[in-house]
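Enquirer: I have a structure I would like to understand better, so I am pasting it below and will then ask my questions one at a time.
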Amino acid sequence: MEQASHLGIAHHDPSVRWLDDPTPEVGETVRVEVEARGATTVTLRTVRDGEAVWHEGSRSRRGSWVFRLPCTQAVVDYRFLIEDDDGDRWLTAAGEVDWDPPDLWDFKLLTGRRTPSWVPSTVWYQIFPDRFATTGRYRPERSAVDPSYDWARWCDWDAPVASGRAAMAQMYGGDLDGVVERLDHLVELGIGGIYLTPVFPARSSHRYDATSFDRVDPILGGDDALVRLSREASDRGIRVIGDLTLNHTGNHHEWFEAATADATSVEAGWYHFIDHPDRYEAWFGVRSLPKLDHRSESLRSRLYEGPDSVVARYLRPPFDLAGWRIDVANMIGRLGMLDLNRGLARAVRATMDDLDPELWLVAEHFHDAIADTPGDGWHGVMNYAGVGRPIASWLGRTDRLHEMTAGPGVRSRTGRQAARAMDAVRAGFPWQVTLGSMSLLASHDTARWRSLARSDELALVGVGLLMMLPGAPTFFYGDEIGLTGDDHEAARRTMPWDRSTWDHRFLDWYRSIIAVRNEHPALGVGGFRWIDVRDDALTFLRETSEERLLVRAARGATPPIGLDCDLLGTTRLDAVLGADDIDAERGMLPLPADGPALSVWRLAQPE
């Protein structure tokens, strides 16, 4: 029986397991604990006012090392120098190294700022409003709603989705009251949050080309329908967040129409005109999406600065949204040599914090978001780089992985490679940013996860792994009933409400795995620690001081692995999901070697 590859090596993470306060205020001193078996000396290195400072530690009664870390900086960077009989090495957020690492790899503790407390323990359900559910009340040809949707091609609910640009004009009549009528489905799943893609009027099915930010689209039911959804969801313990484009508007937006009509207007200063009115900067050159110029103080005030802004309006009564997802957040305020992105993120955050520091601000970011997330702006990102693509590269089909990113796409990887990718992103983020990020396998911008995965069995393993990782797990409506879609347009098919068409194996698994996530606090706020990493299986701990869970995700069978009871700190594993209880044999806990499989155990407390 092989020994686990990572069990027994030094470990720390900035979670509640290893810090007595992972969200300190300025001036506080935090107790920091690190496990470093066999070390003769451990020293903590931090940076204060730009200069390295060293702190000596002491041994605790359980053999770990303990330090007192003053929190005097906005971001407290620290790492550990571990010395033993074989020499010395550094323990960083990216793991152990036997060479001098850059400060970029330090653990990062935010001072005076934190992710809203409820976010990491919430499972999120993404809804594309036109395609989820319909009451049939608001289609222009069937109601008194303004019928001037001349751009739209109205479809029956079961009509197939077109490909290319034609798909953007297809409208199926989904509305917000339809979501209200289907909330019981979300309750049965165990969902705690709804992420709505845009609800503002627009000239496309996706609505990222808004024509106004001052009202909810009448064909979704208008303002009153969003109020009803927010209230009805809240009554069921479900929060709702909206989706806002700060990078651009649609070219039929009332602001842009005013801007093009008069070069001297206030609104003309809200866009990047090259040659008024016909030439202007746009998102990737798409003329229907003119880019906003955030150098304008009046734009900032109208859109996101202060209590009268668009951002603030929908977070207050009667709408009471719980936060915003910000579209293409990596591009906002950036154009050539101009870069206002970080200041803009801080301004949006300040508006929201003034209303309620428990409101969530999460950014779309398809690639490396480390430089854009120091923790004082976006609470987190849609974590494609640190969760979605690593898992897809491990469990996904090689001919579909390009759907996870532009360009050449993602390559097929081993479990070791996927784990390194996760580590690299997690090491770059402050821990609070990791907790404040959406963990996801797919979205409205990708192929469906079932279509990305190599098999249905691996699709289920991937969902289980998603629910076990740090961050707020998020999935696209219909994934739970096994919907497929080979690209992002096909993925946006309507939700079939005939239950006889559902894949109930998927539904049962989603319910089970979400229940595990909801029942165990360690999966929300607990630390993360690899126990065994190999090409075909990943095994890790999620732990708080009160609860420790062991998770094994396997894409195939592996050699038998044994966990040393002394190193793991228990002699029994109590099954939570997908496996049997495990008792010690000669001081070892033998893990199952099957796959594909996902198994979860609770570590019994030492007697």
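Enquirer: Measuring from centroid to centroid over Cα atoms, what is the spacing of the stretch 565-607 and the stretch 493-544 in Å?
Expert: 18
Enquirer: Give me the one-decimal nm value for the distance between modelled label points at Arg37 and Asp85, 7 Å along each residue's Cα-to-Cβ direction.
Expert: It is 1.5 nm.
Enquirer: Applying the Karplus parametrisation 6.51 cos²θ - 1.76 cosθ + 1.60 with θ = phi - 60° to the phi angles of the stretch 297-305, what ³J(HN,Hα) value in whole Hz is obtained for each residue in order, glycine and proline being reported as x?
Expert: 5, 5, 5, 4, 5, 6, 9, 8, 9
Enquirer: When the Cα centres of the stretch 375-401 and the stretch 171-210 are compared, how far apart do they sit, in Å?
Expert: Taking the Cα centre of each part, the stretch 375-401 and the stretch 171-210 sit 23 Å apart.
Enquirer: At 7 Å along the Cα-to-beta-carbon direction for both Phe284 and Ala515, put a label point, then send me their distance in nm to one decimal.
Expert: 4.2
Enquirer: Calculate how steeply helix 504-519 sits against the longest principal axis of the alpha-carbon atoms of the chain, using the helix alpha-carbon long axis, and give the answer as 0 to 90 degrees to the nearest 10.
Expert: With both axes taken from Cα atoms, the answer is about 60 degrees.
Enquirer: How are the Cα pair distances of the stretch 379-481 distributed, in percent, across 10 Å bins from 0?
Expert: 17, 53, 28, 2
Enquirer: Which order do the peptides 231-244, 458-471 take when ranked by the mean count of other beta-carbon atoms within 10 Å per residue, highest first?
Expert: 458-471, 231-244
Enquirer: Can you give the direction-averaged projected area of the convex hull of the alpha-carbon atoms in the stretch 97-200, in nm²?
Expert: Quarter of the Cα hull surface area: 12.8 nm².
Enquirer: In whole angstrom, note down how far apart the Cα centers of the stretch 52-69 and the stretch 292-311 are.
Expert: 47
Enquirer: I would also like to ask the following. Quick check of the Kirkwood formula: for the stretch 472-555, what is the inverse mean of 1/r over all pairs of different Cα atoms, in Å?
Expert: 15.2
Enquirer: Further question: Quickly estimate the mean residue ellipticity at 222 nm for the chain, helices only: each DSSP H run with n ≥ 4 gives -39500 (n - 2.57), and the total goes over all residues, rounded to 500.
Expert: Helix contribution divided over all residues of the chain: -6000 deg cm²/dmol.
Enquirer: Also, I was wondering about something else. Kindly report the accessible area of the stretch 329-423 per residue (heavy atoms of protein chains, probe 1.4 Å, no ligands, DNA or RNA), in Å².
Expert: Spelled out: the 1.4 Å probe surface of the stretch 329-423, per residue, equals 38 Å².
Enquirer: Could you do me a favour and compute the accessible area per residue for the stretch 1-120, 1.4 Å probe, result in Å²?
Expert: With the other protein chains kept in place, the stretch 1-120 gives 47 Å² per residue.
Enquirer: Right, next: What area, in nm² and to one decimal, does the C-alpha convex hull of the chain cast on average over all directions?
Expert: Taking a quarter of the hull surface, the average projection is 27.9 nm².
Enquirer: For the stretch 454-582, with every protein chain kept in place, what is the accessible area per residue (1.4 Å probe, Å²)?
Expert: 31
Enquirer: Could you list the residues of the stretch 346-374 with an amide nitrogen less than 16 Å from a label point located 7 Å from the Cα of Trp118 in the Cα-to-C-beta direction?
Expert: 353, 355-362
Enquirer: With +1 on each Lys and Arg Cβ and -1 on each Asp and Glu Cβ, and nothing else charged, work out how big the dipole of the chain is about its Cα centre, in Debye to the nearest 20.
Expert: 520
Enquirer: Based on Cβ point charges of +1 for Lys and Arg and -1 for Asp and Glu, what charge dipole magnitude is obtained for the stretch 491-607 about its Cα centre, in debye rounded to the nearest 20?
Expert: Dipole of the stretch 491-607, to the nearest 20 debye: 680 debye.
Enquirer: Another question, then. May I ask which residue of Val425, Met337, Leu507 lies farthest towards the positive end of the charge dipole of the chain, with charges of +1 (Lys, Arg) and -1 (Asp, Glu) on Cβ and the Cα centre as origin?
Expert: Working it through, the farthest residue towards the positive pole turns out to be Leu507.
Enquirer: If you don't mind, another one. On the accessible surface of the chain, probed at 1.4 Å, how many percent belong to carbon and sulfur atoms?
Expert: Whole-percent figure for carbon plus sulfur exposure: 47.
Enquirer: Once both axes come from the Cα atoms, what is the angle between helix 415-428 and the longest principal axis of the chain, in degrees from 0 to 90, rounded to 10?
Expert: 70
Enquirer: Cα gyration tensor of the stretch 504-604, axes a ≥ b ≥ c as square roots of the eigenvalues: rounded (a/c below 1.5), prolate (a/b > b/c) or oblate?
Expert: oblate
Enquirer: Next question. How far is helix 341-355 tilted, in degrees, relative to the longest principal axis of the Cα atoms in the chain, given as a value from 0 to 90 rounded to the nearest 10?
Expert: 90
Enquirer: With all protein chains present and a 1.4 Å probe, how do Arg113, Arg287 order by accessible area, largest first?
Expert: The most accessible residue leads, giving Arg287, Arg113.
The values are calculated or read from the model by the stated rules, or taken from the named source; none is laboratory data. This one's a predicted model, so the numbers in the text were calculated from it and none came from an experiment. Here the Cβ is made from the backbone with ideal geometry for all residues, glycine too, and neighbour counts use every protein chain on show. Heads up: the accessible areas ignore ligands, DNA and RNA and are worked out on the full protein's heavy atoms, side chains in. Shrake-Rupley method; radii C 1.70, N 1.55, O 1.52, S 1.80 Å.
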